[in-house]
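Scroll down for the structure; my scribbles are underneath it.
The values are calculated or read from the model by the stated rules, or taken from the named source; none is laboratory data. Source: prediction; values computed, not measured. Note: ideal-geometry Cβ built from the backbone for every residue, glycine included; neighbour counts use all protein chains shown.
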Amino acid sequence: MKKILLLFTIAFISTIAFAQDDSLSMREGGHFNENKFRQLYDEWATPNSYRTAAGSPGHEYYQQQADYTMDITLLDGENPKILGEETITYTNNSPDDLAYLWVQLDQNIREKNSPSKEKNGSGVSPIFRAESFVSDYMKDPFDGGFNIGWVKDAQGKALTYNINQTMMRIDLPTPLKSGMQYTFSIKWDYNVNNHVTNRARSGYEYFPKDGNRAYVIAQFYPRMAVYNDVEGWQNYQFWGNGEFALPFGNFEVNITVPDNFVLDATGKLQNRKEVFSKTMMKRYELAKKSFDKPVIIVTQEEAELAEKTPAKKTKTWKFLANNVRDFGFATSNKFIWDMMNVDLGGGKTSMAVSLYPKEGNPLWEEYSTIVVASTMKSYSKHTFTYPYHKAISVHAKNQGMEYPMICWNYGRPDEDGNYTDRTKFGMVSVIIHEVGHNFFPMIVNSDERQWGWMDEGINTFVQYLAEQEFAKEYPKVLGELKKYPSRRGLAKDIVNYMSDSQDFLSPIMSNPENVYQLGPNAYGKPATALNILRETVMGKELFDYAFKTYSQRWMFKHPTPEDFFRTMEDASAVDLDWFWRGWFYSTDYVDIAVGKVKKYQVTDKPTQAAKDLLSQYGMTLKDIKDPVVFMIDEESKDFTKDSKVEDVKPLKDYLFDNFTEEERQQLNTPKYFYEIEFEKPGGLVMPLIVEYTYADNTTERVTYPVQVWRKNDASVRKVIPSNKEIIKIQVDPDLETADIDVTNNSFPREKDPDIIEFEEFKKKQ
Amino acid sequence: MILKRVSIVVVFFALVNFQSTHKYYVSSTKIIYNESQHSFQVFIDVFTDDLQAILNKRYGKGFQLDPDSDTKDIENVLERYLKTKCKMSINDEKMVLDYVGKKYDRESTLIYMQFILDEKIQTITFENTILTDLFEEQKNIVQFKGKGLTKSYLLDIDKKHFEIKF
C-alpha cells in the first residue's frame, strides 16, 4: 500500500511540474458543472408550501372548483347544431383576489378566421390532387366556433366579456375575493362539424347508406380555465395539439335529443326510468348482476329499427357528475348498447359500457366491453381503485379521444364484417388507452396544454402493462401470438426514433405544439423511459410503490412534471435526476460499446511495462522492498506461457506468511485477468449490463450501476479475474436499454444484427 | 387522445385542418452497406394502412395487406411501386434495387430490398418518395450505415433525395 501511495505522490508531483512548464496562455478555461449526475436545481422550481420538495401537495396546496348546470339541445339534421345555456359557479380557493375569470372556447379553433389555421408554414406544392386543391383553395371553410348569446351574472345583469381566440375573459364588477364564489351564466350555440371529414376530437359521423348520424360530443360548452400556483390563469391558447387543462367540479346536465336516439354521458343518469323502455330497464338490472360477460341493453335489431324510424319528438336525458374535470356525451339512433359490472375489489364495483353502431360489429360486441372491464382492473392495480361508477367506450370512426367516464374509439371491420388482426389489436389498444385516460389526466389532472407526455406518456406506459395483462386474462385475443403485440413500451421499439437525426428531435419536456413527431415524442418515448425505469433501473418493486404514490398523491389534483419526478425519487430513495435530465430534458440517446479487451496473467518475472513505469519516477525494482507481482499482457512481447497464480513465488510467500492453511483454502485463485474498456458514444448514461460467456459456455450477468459513468462520461474500465477464459462479452444482451447501435455491443464483434436479419429473411423467401 | 394513422379522405382535409390530431406521416428506411459482401441492404418500415391505401389507389382496389390475405398480385404491385419511389445511384450510375420480400409486424410492413455492386463506392444517391403521392406531408426518414458512417436524412415531397460522397 505504501508503495502505491508513493507512486501516486510521484504521479501527482510530476503533473504539477508539467503544469508549471506550460505557458500561461495555454491554460484551460474553467467550466460550469456539466456532470450528467448533477442535480436538477436549475431546471426545477423551488419547492414551496403549495408543492413540496417531496413531490406532494404542500400544506397550502389549493385548487379552484367550477360547478356547472347546463341545458343542452342537439338539433340533428343536415347541418347539426348544439344550443346551450349554462350556469357556472366558480369557487376561488386560491389565496388571491381575481379581477377577471377566463373561460375556454375551444370550438373557436374552427372559426373561419381562426389563427390556428395559419399556425403552419405552407408552400406551393408542385403536385396537387384535385380534391386537395378544392379544399385548400376553392371551398368555403366550415362555419364553426361558438356564437355567444349572452353572459349574465346571477341577477341576470349582462357582464362584459372579451374574446381572444379560444379564450374569453369575463370582467367582474368587483374582484372575486379569496374563498368566495361567483355565479354567472352563458348562452351559446355552434355548428357541429363532421369529425370524419373534418378531423376533430368531437363531432358527428355521417352514414350515407341510411342517412343517419352518430354524435360524439365534447368541448361543446364554454369551460373554465385553470387558475393555479404555477401558471396563474392558464393562458396558452388552444392551437390544436396541446390538449386541455380543466378544474374539477360537479356537473348537472340535461341533454335533449330526438326521441329515437339513445345517449350516454359523463355522470350518473338521473331519469333512467323516463328514457329507458321497460325491456331496457330489465336488461339493465341483469347487467348490474353480470360480472363475467356483457348484457345487451339495445340489440342490433332494435338499433336497426331505430335508425329507420323517424323521430317524432324529443327526449331529455339528465345527468349528475361529481368531481369530474369535463363532460362528454355520445348519442345516435344507430347505437347498440351493452354493459357489464366489474368487481374492483374491496367492495367496489363499476360498470363497463359500450355504444356502437352496427358498422362496428362483429368486433365491438365481442371485445369492447370486456376490454373496458379489464382496463379498469389493470389500471386500478397500478394506481388507485377506479373511483367512477362507469367507463364507456363509444365506437366512432378514426377516433381515439378521452373524457371522464367516456371515450371514443376506432376499429371498424369492412362492409362484410371481416377484420384483420391489425384492426382487432388496434381497437383493443385504443380502448385500453382511452379508458386508461380516466386515470391520467381525468383524475390525476395534469396540464395537457403544457405537457403532453404527463398524460399521454404516463398513460401509454400503463397501457403497455394493461395490454399484456389483458392478453393474459383473455388469451383468446392472441390467436396464434404468444404475447400481446404492444406497439409502444418495449425498449427496442423506440430505437428508430431515438436514432433519428437531431434536426427533428425534441426533448420530451417540450410543449406539444413545438415538437416534430408528437407520437414518439409524447407517447412512445416517455412510455418506454418509464418501462426502462421500472424493469431495468429501479426494479418493479421500488418503481411500482413510487408510481402508486404519485398516482394517489395527485388523484383529483393538478400535478406538474416536477411533482412526478420528485415523488418517484422521494418514495424510492433512488436519485433519478440523471435519468430525468437525460431522457426527459435532452434528445441524447443510449449507445454503449465494448471497447478494448486486454487479457493479463500474473507472473513473478518483472515485465518491461512495469520497469518502464518505475523508471518514469526514477525508480528501479530494487527501490521496492515489499513483495510484488506483475501483470503481464498476453499480447506483450515478454509474455511467454500460461502461468499459474499458485506458481508466482512472491505471491506464494505472501500467502504462506499471512494466511493459515484454512484461510488459504478459502481464497480464489484466478488465472486470467481481463481489463475491459466500455465506451459510451451515446450521451445518455445508463446502468451497464454485461453478459460474460466463459470457455465452458457458462454465462454470468453483471449490472454495473449507472454511477460508473459519473467521473468519465466517455469510457470506463473494469477488471474481471477469472478461472476460465472469457470467450464473449455482450453489452445489454436483452435489448432493454434502447441502445441505438448494437453492432458495437459485443466482443468479439458480431455481425450487424440487421444484416443477420436480412440474410435470414432472404433465406426464407 | 391517441395518435394513429387515418384514412386518405381525412388526410386531404388535414391540410386545411386546424385540429388535426395526426400531424406526421413517417416511414423509416435503413440502408446498410455490407462492405465484405459488396451489398446494400435496404429495410423500409412503413405503416401498412398507408401502404395498402396507396397500392389500392394506384393499381386498383381491394388489396388487403394482411398475412391472411396476401397474394402474388400484392407482391407485384408493391415491387412496381417501390421501383418508382425508391431510386439509388452509385457513382452517378442508376441502379435497380432488387425487391427481396416483405413481412408484417404489428401496424407496419417491413420491406427488404438489396443491391450488389463489386465496385469502389465514391458517391451514393438515394431517393425515397414513398407515400408522398398519398400524403403531401409524408416524411421519409432514411438512415445510412456503412463505411464507418451513420447518418440520417429527412426526405419529403420537396427534398426527395440525398447524396453521400466518400
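One line per residue, one yes/no per condition, for (1) in contact (Cβ under 8 Å) with a residue 40 or more places away in the chain; (2) within 14 Å of chain B (Cβ to nearest Cβ); (3) at positive phi:
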| site | (1), (2), (3) |
| --- | --- |
| A:Pro705 | no, no, no |
| A:Arg710 | yes, no, no |
| A:Asp713 | yes, no, no |
| A:Ile729 | yes, no, no |
| A:Asp732 | yes, no, yes |
| A:Pro748 | no, no, no |
| A:Glu757 | no, yes, no |
| A:Glu760 | no, yes, no |
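Confirm whether A:Lys293 is closer than 22 Å to A:Trp408 by Cα and part of a strand (DSSP E or B). Steps first, please.
Working: closer than 22 Å to A:Trp408 by Cα: yes; part of a strand (DSSP E or B): no.
Answer is no for this residue.
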Next item on the list: Select from region A:197-254 the residues that are of a type in the set (Gly, Ala, Ser), within 27 Å of the chain's Cα centre (by Cα) and away from every other protein chain (no Cβ under 14 Å) and list them in ascending order.
Entry: A:Ala225, A:Gly232, A:Ala245, A:Gly249
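Going by what's in this entry, would A:Asp570 be described as farther than 16 Å from A:Thr383 by Cβ and either buried (at least 20 other Cβ atoms within 10 Å of the Cβ) or not aliphatic (A, V, I, L, M) (or both)? Full working, then the answer.
Values: farther than 16 Å from A:Thr383 by Cβ: yes; either buried (at least 20 other Cβ atoms within 10 Å of the Cβ) or not aliphatic (A, V, I, L, M) (or both): yes.
Yes: the conditions hold for A:Asp570.
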Note to self: Every residue in region A:188-203 that is in contact (Cβ under 8 Å) with a residue 40 or more places away in the chain, outside any loop (DSSP other than H, G, I, E, B) and either outside the structural domain of A:Gly149 (by TED's automatic domain parsing) or buried (at least 23 other Cβ atoms within 10 Å of the Cβ) (or both), please.
What the structure shows: A:Tyr190
Note to self: Cβ contacts < 6 Å: first residue closer than 18 Å to A:Tyr206 by Cβ, restricted to region A:304-322; second residue of a type in the set (Lys, Arg), any location; separation 6+ or different chain. Result?
What the structure shows: A:Glu307/A:Lys334
Next item on the list: Tell me which of these A:Ala573 doesn't satisfy, since it passes every other one: (1) of a type outside the set (Phe, Trp, Tyr); (2) at positive phi; (3) touching a residue at least 40 places away in the same chain (Cβ under 8 Å).
Entry: (3)
Note to self: Exactly one condition in (1) more than 17 Å from the chain's Cα centre (by Cα); (2) in contact (Cβ under 8 Å) with a residue 12 or more places away in the chain; (3) at the interface with chain A (Cβ under 9 Å from one of its Cβ atoms) is false for B:Thr150; which is it?
What the structure shows: (2)
Next item on the list: Starting from residues that are closer than 27 Å to A:Val216 by Cα and assigned to a loop (DSSP other than H, G, I, E, B), keep the ones in region A:150-187 and report whichever is nearest to the chain's Cα centre (by Cα).
Entry: A:Thr166
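Residue-by-condition table, conditions (1) assigned to a loop (DSSP other than H, G, I, E, B); (2) of a type in the set (Gly, Ala, Ser); (3) in contact (Cβ under 8 Å) with a residue 40 or more places away in the chain; (4) in contact with a Gly (Cβ under 9 Å, 6 or more places away or on another chain):
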site: A:Ala245; (1), (2), (3), (4): yes, yes, yes, no
site: A:Val253; (1), (2), (3), (4): no, no, yes, yes
site: A:Thr256; (1), (2), (3), (4): no, no, yes, no
site: A:Leu263; (1), (2), (3), (4): no, no, yes, no
site: A:Lys273; (1), (2), (3), (4): no, no, no, no
site: A:Arg283; (1), (2), (3), (4): no, no, no, no
site: A:Ala287; (1), (2), (3), (4): no, yes, yes, no
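Which one is farthest from A:Ile494 (Cα to Cα) among residues in region A:591-649 that are part of a loop (DSSP other than H, G, I, E, B), among the charged types (D, E, K, R) and in contact with a Leu (Cβ under 9 Å, 6 or more places away or on another chain)?
Taking region A:591-649 as the starting set, the residues that turn out to be part of a loop (DSSP other than H, G, I, E, B) are A:591-592, A:604-607, A:617-620, A:624-629, A:634-644, A:648.
Subsequent filtering for residues that are among the charged types (D, E, K, R) retains A:591, A:604-605, A:625-626, A:634-635, A:637-638, A:641-642, A:644.
Next, only the ones that are in contact with a Leu (Cβ under 9 Å, 6 or more places away or on another chain) stay: A:591, A:604.
On the way: A:Asp591: 13, A:Asp604: 51 Å.
Among those that are part of a loop (DSSP other than H, G, I, E, B), among the charged types (D, E, K, R) and in contact with a Leu (Cβ under 9 Å, 6 or more places away or on another chain), it is A:Asp604.
I need a count of the residues in region A:736-749 that are surrounded by 15 or more Cβ atoms within 10 Å (Cβ to Cβ) and touching a helix residue (DSSP H, G or I) at 6+ places or on another chain (Cβ under 8 Å). Give the steps one after another, and end with the answer.
Keep residues of region A:736-749 that are surrounded by 15 or more Cβ atoms within 10 Å (Cβ to Cβ), which gives A:736-747.
Filter once more, keeping what is touching a helix residue (DSSP H, G or I) at 6+ places or on another chain (Cβ under 8 Å): A:736-740, A:742-743.
Result for region A:736-749: 7.
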Next item on the list: Please find, within region A:596-626, the residue that is farthest from A:Ala714 (Cα to Cα) out of those that are loosely packed, with under 12 Cβ neighbours inside 10 Å and of a type in the set (Gly, Ala, Ser).
Entry: A:Gly618
Item checked: Residue count, region A:519-546 (criterion: buried (at least 23 other Cβ atoms within 10 Å of the Cβ), more than 17 Å from A:Thr567 (Cα to Cα) and either assigned by TED's automatic domain parsing to the domain that holds A:Gln237 or touching a residue at least 40 places away in the same chain (Cβ under 8 Å) (or both)) -> 8
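Residue-wise test of (1) under 23 Å from A:Val324 (Cα atoms); (2) of a type in the set (S, T, N, Q); (3) within 10 Å of chain B (Cβ to nearest Cβ).
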{"site": "A:Ala391", "(1), (2), (3)": "yes, no, no"}
{"site": "A:Val394", "(1), (2), (3)": "yes, no, no"}
{"site": "A:Met401", "(1), (2), (3)": "yes, no, yes"}
{"site": "A:Trp408", "(1), (2), (3)": "yes, no, yes"}
{"site": "A:Asn445", "(1), (2), (3)": "yes, yes, no"}
{"site": "A:Asn459", "(1), (2), (3)": "yes, yes, yes"}
Next item on the list: Scan region A:514-535 residue by residue and report those that are more than 13 Å from A:Gly489 (Cβ to Cβ), within 17 Å of the chain's Cα centre (by Cα) and assigned to a helix (DSSP H, G or I).
Entry: A:Leu518, A:Gly519, A:Asn521, A:Ala522
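Going through region A:715-735 one residue at a time, which ones are in contact with a Lys or Arg (Cβ under 6 Å, 6 or more places away or on another chain) and either of a type in the set (A, V, I, L, M, F, W, C) or crowded, with 16+ Cβ neighbours inside 10 Å (or both)?
Filtering region A:715-735 for residues in contact with a Lys or Arg (Cβ under 6 Å, 6 or more places away or on another chain) gives A:723, A:735.
Hit for region A:715-735 is A:Leu735, nothing else.
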Checklist line | Qualifying positions in region A:42-93 - without any contact (Cβ under 8 Å) to a residue 24 or more places away in the chain, small (Gly, Ala, Ser) and closer than 30 Å to A:Gln270 by Cβ | finding: A:Gly77
Check: Which of the residues spanning region B:73-108 are crowded, with 16+ Cβ neighbours inside 10 Å, among the aliphatic types (A, V, I, L, M) and more than 14 Å from every other protein chain (Cβ to nearest Cβ)?
Finding: B:Val77, B:Leu82, B:Met88, B:Ile90, B:Met95
Next item on the list: Output the number of residues of region A:204-238 satisfying the condition of being assigned to a loop (DSSP other than H, G, I, E, B) and basic (Lys, Arg).
Entry: 1
Note to self: Consider region B:62-101. How many of its residues are assigned to a loop (DSSP other than H, G, I, E, B) and either of a type in the set (Ser, Thr, Tyr) or farther than 21 Å from A:Asp421 by Cβ (or both)?
What the structure shows: 5
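Here is a yes/no grid of residues against (1) over 28 Å from the mean Cα position of the chain (by Cα); (2) away from every other protein chain (no Cβ under 14 Å); (3) modelled with pLDDT under 95:
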residue	(1), (2), (3)
A:Gln20	yes, yes, yes
A:Ala45	no, yes, yes
A:Tyr62	no, yes, no
A:Leu83	yes, yes, no
A:Tyr90	yes, yes, no
A:Ser132	yes, no, yes
Note to self: If I go through region A:64-78 residue by residue, how many of them are modelled with pLDDT under 95 and either touching a strand residue (DSSP E or B) at 6+ places or on another chain (Cβ under 8 Å) or surrounded by 17 or more Cβ atoms within 10 Å (Cβ to Cβ) (or both)?
What the structure shows: 0
Notebook entry, point to check: Among (1) assigned to a loop (DSSP other than H, G, I, E, B); (2) touching a Leu at 6+ places or on another chain (Cβ under 8 Å), which single condition is A:Pro681 missing?
Noted result: (2)
Notebook entry, point to check: Which one is farthest from the other protein chains (Cβ to nearest Cβ) among residues in region B:112-147 that are buried (at least 20 other Cβ atoms within 10 Å of the Cβ) and more than 21 Å from A:Asp754 (Cα to Cα)?
Noted result: B:Ile130
